[in-house]
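Worksheet: one structure, shown below.
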Amino acid sequence: SNQVMVFSKSYCPFCIKVKDLFKELQVDCNVVELDLIEDGTNYQEMLLEMTGQKTVPNVFINKTHVGGCDNTMQAHKDGSLQQLLSSNEAYDYDL
Ligand code: GSH
């Protein structure tokens, strides 16, 4: 099945909006709250290098980088989110 990753910060309103959307769609997602991780790794810098995007939320579905909140809402509107969610690619990141 598909795998959804949401890199988030617990206090970020855009992240809450994205997490609420997936909840509403009854899509299980793996949420990583970057502000709650204290292992010394700069995950945001890694995400910036991978995707060119520094802000959270940073959403991935399977092998596809969806983007931030605006990108995810737009993909929901235009149907591309559902298409990604119904695809069957394996999750392939090595974070
Ligand atoms: N337009 C962006 C989107 O649609 O995702 C807004 C995202 C945004 O502004 N996120 C803030 C952020 O990442 C947190 S609320 N700020 C920089 C940071 O926390 O390092």
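Relative contact order of the chain: 36 percent, from C-alpha pairs under 8 Å at least 6 residues apart in sequence.
Taking the C-alpha atoms only, the angle from helix 69-78 to the longest principal axis of the chain is near 10 degrees.
Counting only DSSP H runs of at least 4 residues, each contributing -39500 (n - 2.57), and dividing by the residue count of the chain, the helix-based mean residue ellipticity at 222 nm comes to -11000 deg cm²/dmol. The share of C-alpha pairs in the chain whose separation exceeds 21 Å stands at 26 percent. For the chain, the cysteines with no partner cysteine C-beta closer than 4.7 Å are Cys29, Cys69.
DSSP assigns beta bridges within the chain; of those with both partners inside it, close to 65 percent run antiparallel. Along the range 44-59 the Karplus relation, 6.51 cos²θ - 1.76 cosθ + 1.60 evaluated at θ = phi - 60°, assigns HN-Hα couplings of 5, 5, 4, 5, 4, 5, 6, 10, x, 10, 9, 7, 10, x, 10, 10 Hz to successive residues, with x for each Gly and Pro. In percent, what relative contact order does the range 44-84 have, based on Cα pairs under 8 Å that are 6 or more apart in sequence? Computed over the range 44-84, the figure is 25 percent. Close lysine pairs were tallied over the chain: pairs 8 or more places apart or on different chains with Cα atoms under 20 Å apart number 11. Under a 5 Å amide H cut-off, with hydrogens placed 1.01 Å from N, Gly67 pairs with Val59 among residues at least 5 apart or on other chains.
Only the coordinates and a few stated rules stand behind these numbers; no lab work does. Computed from a predicted structure; not experimentally measured. Every residue, glycine among them, receives a Cβ derived from its backbone with ideal geometry; neighbour counts consider all protein chains shown.
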